[in-house]
Amino acid sequence: KADVITDAWRVLECIRRLVNETWLRRDAITPLYERRSRPPALEVYKRLPGINCRKCGEKTCLAFACRLWRGEGVPSECRPIFEDPVHARLQEPYLQICAGLGLTAGAAATA
(Lines give C-alpha, C1' and ligand atoms only; values in the text may rest on other atoms or scores of the structure.)
Protein backbone atom coordinates (compact mmCIF):
# COMPACT_ATOMS: atom_id res chain seq x y z
CA LYS A 1 0.00 0.00 0.00
CA ALA A 2 1.37 3.37 -0.96
CA ASP A 3 0.15 6.20 1.27
CA VAL A 4 1.72 8.98 -0.79
CA ILE A 5 3.32 9.22 -4.22
CA THR A 6 6.82 8.98 -2.74
CA ASP A 7 5.93 5.57 -1.27
CA ALA A 8 4.74 4.41 -4.67
CA TRP A 9 7.95 5.58 -6.35
CA ARG A 10 10.07 3.86 -3.69
CA VAL A 11 8.24 0.56 -4.20
CA LEU A 12 8.48 0.91 -7.96
CA GLU A 13 12.23 1.54 -7.71
CA CYS A 14 12.68 -1.60 -5.56
CA ILE A 15 10.78 -3.65 -8.11
CA ARG A 16 12.81 -2.17 -10.97
CA ARG A 17 16.09 -3.04 -9.23
CA LEU A 18 14.92 -6.58 -8.45
CA VAL A 19 13.88 -7.20 -12.04
CA ASN A 20 17.16 -5.83 -13.42
CA GLU A 21 19.30 -7.83 -10.97
CA THR A 22 17.35 -10.99 -11.80
CA TRP A 23 17.79 -10.37 -15.51
CA LEU A 24 21.56 -10.00 -15.07
CA ARG A 25 21.71 -13.29 -13.15
CA ARG A 26 19.36 -15.16 -15.50
CA ASP A 27 22.07 -17.57 -16.74
CA ALA A 28 22.94 -18.59 -13.18
CA ILE A 29 19.33 -19.21 -12.15
CA THR A 30 18.10 -22.79 -12.33
CA PRO A 31 14.33 -22.98 -12.79
CA LEU A 32 12.38 -24.95 -10.21
CA TYR A 33 9.30 -26.52 -11.73
CA GLU A 34 8.12 -28.21 -8.56
CA ARG A 35 5.16 -26.49 -6.92
CA ARG A 36 5.56 -25.75 -3.23
CA SER A 37 3.17 -24.16 -0.80
CA ARG A 38 4.25 -21.60 1.75
CA PRO A 39 4.30 -22.94 5.29
CA PRO A 40 1.91 -21.04 7.56
CA ALA A 41 3.25 -18.53 10.09
CA LEU A 42 2.32 -20.87 12.94
CA GLU A 43 4.74 -23.47 11.56
CA VAL A 44 7.50 -20.87 11.76
CA TYR A 45 6.42 -20.01 15.30
CA LYS A 46 6.58 -23.68 16.36
CA ARG A 47 10.28 -23.70 15.47
CA LEU A 48 11.12 -20.61 17.52
CA PRO A 49 12.19 -20.82 21.19
CA GLY A 50 8.96 -19.21 22.41
CA ILE A 51 10.74 -17.23 25.15
CA ASN A 52 9.62 -13.76 23.95
CA CYS A 53 13.07 -12.28 24.63
CA ARG A 54 12.50 -9.28 22.30
CA LYS A 55 16.06 -9.51 20.91
CA CYS A 56 14.58 -9.62 17.40
CA GLY A 57 12.80 -6.31 17.92
CA GLU A 58 9.32 -7.82 18.32
CA LYS A 59 7.35 -8.18 21.54
CA THR A 60 6.62 -11.89 21.02
CA CYS A 61 7.96 -14.83 19.07
CA LEU A 62 4.60 -15.04 17.29
CA ALA A 63 4.96 -11.45 16.06
CA PHE A 64 8.45 -12.27 14.80
CA ALA A 65 7.16 -15.40 13.03
CA CYS A 66 4.52 -13.29 11.27
CA ARG A 67 7.14 -10.76 10.21
CA LEU A 68 9.28 -13.56 8.78
CA TRP A 69 6.27 -15.04 7.01
CA ARG A 70 5.61 -11.69 5.32
CA GLY A 71 9.25 -11.63 4.19
CA GLU A 72 10.07 -8.57 6.26
CA GLY A 73 12.61 -10.14 8.59
CA VAL A 74 15.87 -12.03 8.60
CA PRO A 75 16.00 -15.47 10.25
CA SER A 76 19.28 -14.63 12.04
CA GLU A 77 17.44 -11.92 14.01
CA CYS A 78 16.30 -14.69 16.37
CA ARG A 79 19.54 -14.56 18.30
CA PRO A 80 18.77 -17.26 20.91
CA ILE A 81 18.65 -19.93 18.18
CA PHE A 82 22.09 -18.95 16.89
CA GLU A 83 23.82 -17.78 20.10
CA ASP A 84 22.31 -19.75 23.00
CA PRO A 85 23.45 -23.40 23.25
CA VAL A 86 20.17 -24.25 25.00
CA HIS A 87 18.25 -23.46 21.78
CA ALA A 88 20.86 -24.68 19.27
CA ARG A 89 18.77 -27.81 18.57
CA LEU A 90 16.11 -25.56 16.98
CA GLN A 91 18.49 -24.12 14.40
CA GLU A 92 18.23 -26.81 11.70
CA PRO A 93 14.39 -27.15 11.65
CA TYR A 94 14.08 -23.35 11.89
CA LEU A 95 16.33 -22.78 8.89
CA GLN A 96 14.47 -25.46 6.93
CA ILE A 97 11.11 -23.75 7.46
CA CYS A 98 12.66 -20.38 6.61
CA ALA A 99 14.05 -21.85 3.39
CA GLY A 100 10.48 -22.83 2.53
CA LEU A 101 9.64 -19.13 2.80
CA GLY A 102 12.56 -18.22 0.56
CA LEU A 103 14.66 -16.82 3.41
CA THR A 104 18.26 -17.59 4.25
CA ALA A 105 19.89 -17.08 7.63
CA GLY A 106 21.66 -13.85 6.77
CA ALA A 107 19.51 -12.24 4.10
CA ALA A 108 16.00 -10.97 3.91
CA ALA A 109 13.81 -11.91 1.01
CA THR A 110 12.91 -9.19 -1.41
CA ALA A 111 9.26 -8.72 -2.07
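In nm, to one decimal, how far is the modelled label at GLU83 from the one at ILE5, with both set 7 Å along Cα→Cβ?
Result for the modelled spin labels: 4.5 nm.
What is the list of residues in the stretch 40-60 whose amide nitrogen lies under 18 Å from a point 7 angstrom out from the Cα of ALA99, following Cα to Cβ?
40, 43-45, 47-48
Along the positive direction of the dipole of the stretch 14-57 (beta-carbon charges: Lys, Arg +1; Asp, Glu -1; about the Cα centre), which of THR30, VAL19, ASN52 reaches farthest?
ASN52
Accessible area, 1.4 Å probe, largest first: how do CYS53, CYS61 sort?
Putting CYS53, CYS61 in descending order of accessible area: CYS53, CYS61.
When ligands, DNA and RNA are left out and all protein chains stay put, how many square angstrom of accessible area per residue does the chain have with a 1.4 Å probe?
On a per-residue basis, the chain sits at 74 Å².
Please give the helix 5-24 orientation as an angle from the longest Cα principal axis of the chain, in degrees from 0 to 90, rounded to the nearest 10.
Roughly 90 degrees between the two axes.
Where the only charges are on Cβ atoms (+1 Lys, Arg; -1 Asp, Glu), what is the dipole of the chain about its Cα centre, to the nearest 20 debye?
Roughly 180 debye for the chain.
Leaving out ligands, DNA and RNA, and with a 1.4 Å probe, what % of the accessible surface on the chain is carbon or sulfur?
Answer for the chain: carbon and sulfur cover 57 percent of the accessible area.
Calculate how steeply helix 91-100 sits against the longest principal axis of the alpha-carbon atoms of the chain, using the helix alpha-carbon long axis, and give the answer as 0 to 90 degrees to the nearest 10.
The angle comes out near 30 degrees.
Can you compute the helix-only [θ] at 222 nm over the chain? Use -39500 (n - 2.57) per DSSP H run of at least 4 residues, normalise by all residues, nearest 500 deg cm²/dmol.
Only helices count here, giving -13000 deg cm²/dmol.
The values are calculated or read from the model by the stated rules, or taken from the named source; none is laboratory data. Note that this is a predicted model, so its numbers are computed, not measured. Every residue, glycine as well, gets a Cβ built from its backbone with ideal geometry; the counts of neighbours run over all protein chains shown. Accessible surface areas use protein heavy atoms only, side chains included; no ligands, DNA or RNA. Shrake-Rupley method; radii C 1.70, N 1.55, O 1.52, S 1.80 Å.
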